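The values are calculated or read from the model by the stated rules, or taken from the named source; none is laboratory data. Treat the numbers as computed from the prediction; the structure is a model and nothing was measured. Reconstructed Cβ throughout: ideal geometry from the backbone, glycine too, with neighbour counts over all protein chains shown.
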Amino acid sequence: MNPPASTPRPDIRKFAGSIAITAAVAVALGVALRQPTFMGANDISRWCTVWSLLERGTYIIDECPWQAETQDKIYRAPKGAATKPGEAPVKHYYSSKPALLPTLMAGALYPARKLVGVPLDAVVLQKREPRWSQKADPTATDGVKGVYETPPEPVRWPAYVLYLKPMIILLNVIPFALYLLLFARLLDRAAGNDWAWLYTLLAAGFGTYLLPFNQTLNNHTIAAYIGFFAVYVFLRIWDEELATPGRFAAAGFLAALAAANELPALALLALLGGFLMLRHPRQTLTWYTLGAAIPVLAFLAAQYAAFGEIKLAYESFGGEEYLYEGSFWKTPLELDAFNEAPEPHAIYLFHMTFGHHGFFSLTPLFLFGIWGGLRLVRQGGLAAIGLARPKGPGEPLAVAAWITGVLTVVLFAFYTWNPKARNYGGSAQGLRWLFWIIPLWMMLVAKGVEAGASRRWLRGLALLALFVSVVSVGYAMRNPWSHPWILDGLEHLGLYTLKR
């Protein structure tokens, strides 16, 4: 029997949990501080919008000093731009990313930018001191000669680090810490023993791709944490009957904000709202809807402010706006080449699940999530989702198993048959499109591994799954915008060929 929510946490869990959470957050913070602020086209695209809003007051990124380093942009004329008769409207570059996130980031940085007065793209130059070095010299007996010289290039200290690094910490590291703290509380009710509790908490901290992606600006980790917070509030209403207006509004606000950062999370917004309607129709129609309306309206307003319309730039993928002069998308390479020459659906689905970008092959600890989810669904039954009368006190997180299962099926189906996204997420560690449901899968893992407390063979399998998962995470730490180890291995062995 799982302990009730009011049961004090045993000392072993207090001590082990505090150590695990402290270590995981410290690793996330250290890596975020040490790694480059700009890591790839994906994050530079958003940073350019932030720069343009703060330095030029526009969403046009033509003058952004880093604009040439990203292919995640479109080239188009502003909607409704005034032109003289016979003249074509002037085109400009815009980030292809939804506008809400960089708009909020620019708003958060605006006071610091005004107070400090230093442009984001400012660079402080430091003159180098003379030093001895060796250079190749074929005339010397040992092939080298000593040279005393001053390097011509000065040391460059970019000011953007002081502005942008705090945003990485605010958007990724702090929510990561809060996620682990709240997740530990959920485990107090969901984990049947100390083994399952500690294993699942350590796996949440060190065994998923959320950790390496905390170091870079991206929408996936943001949506993962916000989506988890939405489900956490939902479970307080569903399992604990804490049905206050504030919780309904918070659940709707957070679920909609997750969808604003990861559009397929609209399914989560709909699922939470649908379940709450079964038990609390009045509060759902009023407070949940009201909370959800705020991020939705903000998202639409930001899109219109940026592009003069609410249509997403993604919808133009493959068209003229993406195929500007010198565009990467005219000659896509590596995984992006699959957008032009897609793999068969069966092969694509295999690689998304158990292949080179496999959700379960790269992080096999989620295989225990499958078993845990099946156990929760069986024990909770239809009563867990309000479609039958409960026969007992109820199984904690049973409704989360239903939600996670539905979302997973929907996402795999969507990305398998989506004609504009057949590249496994491009150059990225793991299947980044599914990162936002990682916390939901982690909820199921505890139930899947709890029998390992008394069965040595199961405990060994769980540790092996954790080992492989942490290896995948470690492989991604240097640069999350690169290929996972399975794909690199297959390519180096000549078993899988990419267009180079």
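Has region 123-142 got at least one residue that is under 29 Å from GLN67 (Cβ atoms), surrounded by 12 or more Cβ atoms within 10 Å (Cβ to Cβ) and not charged (D, E, K, R)? There is at least one residue in region 123-142 that is under 29 Å from GLN67 (Cβ atoms), surrounded by 12 or more Cβ atoms within 10 Å (Cβ to Cβ) and not charged (D, E, K, R).
In contact with a Phe, Trp or Tyr (Cβ under 6 Å, 6 or more places away or on another chain), aliphatic (A, V, I, L, M) and in the same structural domain as PHE328 (by TED's automatic domain parsing) - does that describe any residue in region 42-50? Checked region 42-50: no residue is in contact with a Phe, Trp or Tyr (Cβ under 6 Å, 6 or more places away or on another chain), aliphatic (A, V, I, L, M) and in the same structural domain as PHE328 (by TED's automatic domain parsing).
Just one of the listed residues (GLU321, GLU309, GLU325) is buried (at least 17 other Cβ atoms within 10 Å of the Cβ), more than 26 Å from ALA398 (Cα to Cα) and over 25 Å from the mean Cα position of the chain (by Cα), namely GLU321. When region 294-313 is filtered for residues that are more than 13 Å from PRO78 (Cα to Cα) and either assigned to a helix (DSSP H, G or I) or of a type in the set (Ser, Thr, Tyr) (or both), the ones remaining, listed by number, are ILE294, PRO295, VAL296, LEU297, ALA298, PHE299, LEU300, ALA301, ALA302.
Determine if region 181-195 includes at least one residue that is in the same structural domain as THR22 (by TED's automatic domain parsing) and touching a His at 6+ places or on another chain (Cβ under 6 Å).
Within region 181-195, none of the residues are in the same structural domain as THR22 (by TED's automatic domain parsing) and touching a His at 6+ places or on another chain (Cβ under 6 Å).
Based on what the data block shows, is PRO78 surrounded by 15 or more Cβ atoms within 10 Å (Cβ to Cβ), over 28 Å from the mean Cα position of the chain (by Cα) and part of a loop (DSSP other than H, G, I, E, B)? The answer is yes for PRO78. Total residues in region 217-248 satisfying the condition of being buried (at least 24 other Cβ atoms within 10 Å of the Cβ) and part of a loop (DSSP other than H, G, I, E, B): the figure is 2. Restricting to region 330-356, name every residue that is hydrophobic (A, V, I, L, M, F, W, C), buried (at least 16 other Cβ atoms within 10 Å of the Cβ) and under 21 Å from TRP481 (Cβ atoms). If the condition is that a residue be hydrophobic (A, V, I, L, M, F, W, C), buried (at least 16 other Cβ atoms within 10 Å of the Cβ) and under 21 Å from TRP481 (Cβ atoms), then LEU335, ALA337, PHE338, MET352 are the ones that fit.
Summed over region 183-207, the residues that are of a type outside the set (Gly, Ala, Ser) and within 30 Å of TRP47 (Cα to Cα) give a count of 1. Checked against the criterion of being closer than 27 Å to ALA26 by Cα, in contact (Cβ under 8 Å) with a residue 12 or more places away in the chain, hydrophobic (A, V, I, L, M, F, W, C) and out of contact with any strand residue (DSSP E or B) (no Cβ under 6 Å at 6 or more places or on another chain), the candidates ALA250, ALA258, ALA267 yield just one match: ALA258.
Checked against the criterion of being hydrophobic (A, V, I, L, M, F, W, C) and free of Cβ contacts under 8 Å to residues at least 40 places away in the same chain, region 324-340 contains not a single residue that satisfies it. Those strands (runs of 3 or more DSSP E) of region 90-196 in which 2 or more residues are touching a residue at least 24 places away in the same chain (Cβ under 8 Å), over 23 Å from LYS73 (Cα atoms) and among the aliphatic types (A, V, I, L, M) occupy 123-126. Residues of region 410-426 that are surrounded by fewer than 19 Cβ atoms within 10 Å (Cβ to Cβ) and under 19 Å from the mean Cα position of the chain (by Cα): VAL410, PHE412, PHE414, ALA421.
Report every pair of residues separated by at least 6 positions or lying on different chains whose Cβ atoms are under 6 Å apart, first residue within region 68-83 and within 18 Å of GLU320 (Cα to Cα) and of a type outside the set (S, T, N, Q), second part of a strand (DSSP E or B) and modelled with pLDDT of 95 or more. Final answer for the pair search is LYS73/TYR93; LYS73/SER95; ILE74/TYR94; TYR75/TYR93. Does THR284 qualify as being surrounded by fewer than 18 Cβ atoms within 10 Å (Cβ to Cβ) and either β-branched (Val, Ile, Thr) or touching a Cys at 6+ places or on another chain (Cβ under 7 Å) (or both)? So THR284 fails the test. When ALA32 is tested against (1) buried (at least 18 other Cβ atoms within 10 Å of the Cβ); (2) in a loop (DSSP other than H, G, I, E, B), only condition (2) is not met. Check region 38-52 and report whether any residue there is touching a residue at least 12 places away in the same chain (Cβ under 8 Å), over 24 Å from the mean Cα position of the chain (by Cα), assigned to a helix (DSSP H, G or I) and within 26 Å of HIS220 (Cα to Cα). Scanning region 38-52 turns up no residue that is touching a residue at least 12 places away in the same chain (Cβ under 8 Å), over 24 Å from the mean Cα position of the chain (by Cα), assigned to a helix (DSSP H, G or I) and within 26 Å of HIS220 (Cα to Cα).
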